[in-house]
């Protein structure tokens, strides 16, 4: 059996509540320069800036040869594929140049607005994009996502992609108690996303791990001293599920209901992520991750694969 080098089967910490279809993960970088307080990936990759993986394209070509034609590949599951470093290294763009002509199904998850640079490739491939927008409040975003693009810049990027025919779903997650859970703010956010061209919303609650909860405790005290409130809430009422600390189900339902109701009113598809909620009340889309949005523009071809990949290895 061939050992994969940079592509791996997606594994959300073995969560029993994950409803994602089978897919592969691809992260051109390790670490993440956006430094979001709630990031779960820092528990295993550390808190550091985005660092390009060595020999990334050569290793990607090695892995692609072993994948089934048309496999689903999610780029950006643990490290954002469009950090500022992508301007220099262009690893995400080069990955798309490998994957798109071969007809792989690609889902891009990002907070980066640099994704619009690659619309020339994205719009002609089997590609959908699921940006993350947690709030329109710049003050809140500056605290919880300190180095990420401003919320309205992300909304603008969604509009650019949608106008070019790229299917766009948006991750309105995580919803954090006391931080971005105001129903009126959520209504405004979802409406703005619909107007920009989003067709699908997926949402989830903040799920704590020890390192990100400590960051939240410190960092969120900038927002009216709510860091201590969140820390106490998760310590006193949290329950362990799949390596994370969850809030009790009734609290999670109350946090996510405004997102779902706003999506219904706007006529958007909706889903929840790793919450264990079932039924159309919480989930009316064909996938929770937005992979159902991926168009079929390029037929996978194993005959083309060899020649295309050999050219990459010669570079």
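The values are calculated or read from the model by the stated rules, or taken from the named source; none is laboratory data. What you see is a predicted model; the values in this text were computed from it and never measured. Positions of Cβ are generated from backbone atoms using ideal geometry, with glycine treated the same way; all protein chains shown enter the neighbour counts.
What the table shows:
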{"item": "Among the candidates 192, 217, residue that is assigned to a helix (DSSP H, G or I), in contact (Cβ under 8 Å) with a residue 12 or more places away in the chain and more than 21 Å from the chain's Cα centre (by Cα)", "result": "217"}
{"item": "Unmet criterion (only one of (1) over 22 Å from residue 254 (Cβ atoms); (2) at pLDDT 95 or above) for residue 222", "result": "(2)"}
{"item": "Selected residue [buried (at least 17 other Cβ atoms within 10 Å of the Cβ) and either at pLDDT below 95 or assigned to a strand (DSSP E or B) (or both)] from 79, 15", "result": "15"}
{"item": "Given (1) touching a strand residue (DSSP E or B) at 6+ places or on another chain (Cβ under 9 Å); (2) at pLDDT 95 or above, number of the condition residue 119 does not satisfy", "result": "(1)"}
{"item": "The one condition in (1) out of contact with any strand residue (DSSP E or B) (no Cβ under 7 Å at 6 or more places or on another chain); (2) modelled with pLDDT of 95 or more; (3) under 22 Å from residue 17 (Cα atoms) that residue 238 fails to fulfil", "result": "(1)"}
{"item": "Lone unmet requirement of (1) assigned to a strand (DSSP E or B); (2) farther than 25 Å from residue 43 by Cα; (3) free of Cβ contacts under 8 Å to residues at least 60 places away in the same chain for residue 270", "result": "(3)"}
{"item": "Scan of the range 284-295 for residues that are at negative phi, part of a loop (DSSP other than H, G, I, E, B) and out of contact with any helix residue (DSSP H, G or I) (no Cβ under 9 Å at 6 or more places or on another chain), ordered by number", "result": "288, 289, 294, 295"}
{"item": "Condition check for residue 166: crowded, with 21+ Cβ neighbours inside 10 Å, at pLDDT 95 or above and not in a loop (DSSP other than H, G, I, E, B)", "result": "no"}
{"item": "Residue satisfying condition, being outside any helix (DSSP H, G or I) and either on the phi > 0 side of the Ramachandran plot or in contact (Cβ under 8 Å) with a residue 40 or more places away in the chain (or both), within set 73, 57, 108", "result": "73"}
{"item": "Residue that is surrounded by the fewest Cβ atoms within 10 Å (Cβ to Cβ) [pool: residues in the range 42-70 that are modelled with pLDDT under 95 and within 16 Å of residue 147 (Cα to Cα)]", "result": "48"}
{"item": "Residue count for the range 20-31, restricted to those that are assigned to a loop (DSSP other than H, G, I, E, B) and closer than 22 Å to residue 291 by Cβ", "result": "6"}
